Amino acid sequence: MSINDDTLIENYLLGKLSGEERSLFEQRLENDPEFNKKFRFEKQLFETLDPEDWSFSEADSSDEISAYKKLFASEKTKIIKKAIGEANTQYKRDRKINRRNWLLYSSAAIIAILISVFTWYDSGPSMEQLYSDNLDLEDLPSLVTRGEDNPEDLIRAQQLFEGRQYLKTIEILNTSLKSSKKNLAAKYQYLGISQMELNYTDDAENTFTLLIESNLIDAQKGHWYKALLYLKMKDSEKAIKTLQKIRSEKLYNYKKANKILKELI
Amino acid sequence: MINNLRYLNALTEGNSKEVKLLYQKNFPNVKKFILQNKGSIEDAEDIFQKALLQITVRYRKEKFVIKSSFEAYLYTVCKNLWRRELNKSKNKVTKEYLLEQGDESSDMALAVLEQKRWELFNESLSLISENCKKVLKMFFSKTPYSVIVEAMGYNSEVVARQRVFKCKRKLRAIIIEDSRYNLLKEL
């Protein structure tokens, strides 16, 4: 086919020909079988490969059409059609049941949420309770270790801490931290807990972050104390998130974290 | 492709339990497509059933091989049947023909052969060079030449036209050489 004929057919298919050109074109289709054949193929290409269009059959009959027609009308096909219809009905029935169950589950979930929301409202004391129940000061390592430059200061800090004199503890520890990095993890723990007890929440959070970032063996304890801090602050969202982290990563006190989570959620 | 055979056999045997699995796996996507394209849930159900029937009958007649996954193929058939449905009003010939024939079997017979043509043309298109494929896809999607010129970096519309012409010639040659074309050319 010449590029001229090609363009002509294209313009016809795109409706770009004038009335006169159009009738000339259609006359040629009637009188020129070869051109007609080319046109039909071109039209099929146009319609098939246009994602918006579809190329319909223009044949009235052919062996292939008759054979398929017979097959579609056959008894066997009717049986298959019935089976497909049956599958469709079963599928829809299952979906309905699932939907009903889903409604049931979702309403149960909503009730559960409502209950927990209402529980949150009066959960102030219980979170405080969880905090004090879980703050185990017996578990702390000793502040005083061998080789410390100023062991007297640390002995003093330990005593003050045990006597709940947190402000003074903080003072000594801050000074000690400036001069020595020895027994760092223990210092951070004593310092952070003192700050937490005094409700210096930002400082406490900061200290526990330092502990976490210290890469010391006790670093993971930072998460646990942070969780306690959030409980004390009644920040349930952060508390739960931190406790879940402890539980899933099996960090220090993850069993206790799990217990608290059960109380919280 | 073991699953393909499993599904094809389930369909030819009329095993509704297995067919239900096909619904569970594939119907949601088809429904989504049809709802997004001017159809209703009833249309989606109708198209899905017709597609399954088309595949089954075709498999019974010619034991054709599904080259992709069964799921992907089923989705394509559904999309095409829906495209066909949407274009039916435009197609006078089919409409008159169907009015004369007045039965579903004829329509289904034509649909399966049209699907075969669609497959032949699209497979042929995938065989030509990437560049030609790109140009022709734009061309057949009715992209104006001015846009094709820009997208392909041609110098002028004349160059674009020549390129389209040459690519179409290649495509035609591939289609005509395919043994399937003989059965379809009278369609």
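Please list, ordered by first then second residue, the pairs with beta carbon atoms under 6 Å, 6 or more apart or interchain, first in the stretch A:45-61 and more than 7 Å from chain B (Cβ to nearest Cβ), second surrounded by 19 or more Cβ atoms within 10 Å (Cβ to Cβ) and among the polar types (S, T, N, Q).
What qualifies is A:GLU47/A:SER55.
Does A:GLN158 satisfy being within 25 Å of A:VAL144 (Cβ to Cβ) and modelled with pLDDT of 90 or more?
So A:GLN158 does not fit the description; no.
Take A:LYS256 and decide whether it is farther than 29 Å from A:SER126 by Cβ, crowded, with 16+ Cβ neighbours inside 10 Å and modelled with pLDDT of 90 or more.
Considered against the rule, which asks whether it is farther than 29 Å from A:SER126 by Cβ, crowded, with 16+ Cβ neighbours inside 10 Å and modelled with pLDDT of 90 or more, A:LYS256 comes out as no.
Could you please tell me which pairs satisfy a Cβ distance under 6 Å, a separation of 6+ or placement on different chains, a first residue in the stretch A:1-22 that is more than 16 Å from B:ARG169 (Cα to Cα) and more than 11 Å from chain B (Cβ to nearest Cβ), and a second residue that is part of a loop (DSSP other than H, G, I, E, B) and at pLDDT 90 or above?
Between residues of the stretch A:1-22 that are more than 16 Å from B:ARG169 (Cα to Cα) and more than 11 Å from chain B (Cβ to nearest Cβ) and residues that are part of a loop (DSSP other than H, G, I, E, B) and at pLDDT 90 or above, the close pairs are A:ASN11/A:LEU17.
If I go through the stretch A:215-265 residue by residue, how many of them are of a type in the set (Ser, Thr, Tyr), in contact (Cβ under 8 Å) with a residue 24 or more places away in the chain and assigned to a helix (DSSP H, G or I)?
2
The values are calculated or read from the model by the stated rules, or taken from the named source; none is laboratory data. Here the structure is a predicted model, which is why all the values come from computation and not from measurement. Using ideal geometry, Cβ is built from the backbone for each residue, glycine included, and neighbour counts are taken over all protein chains shown.
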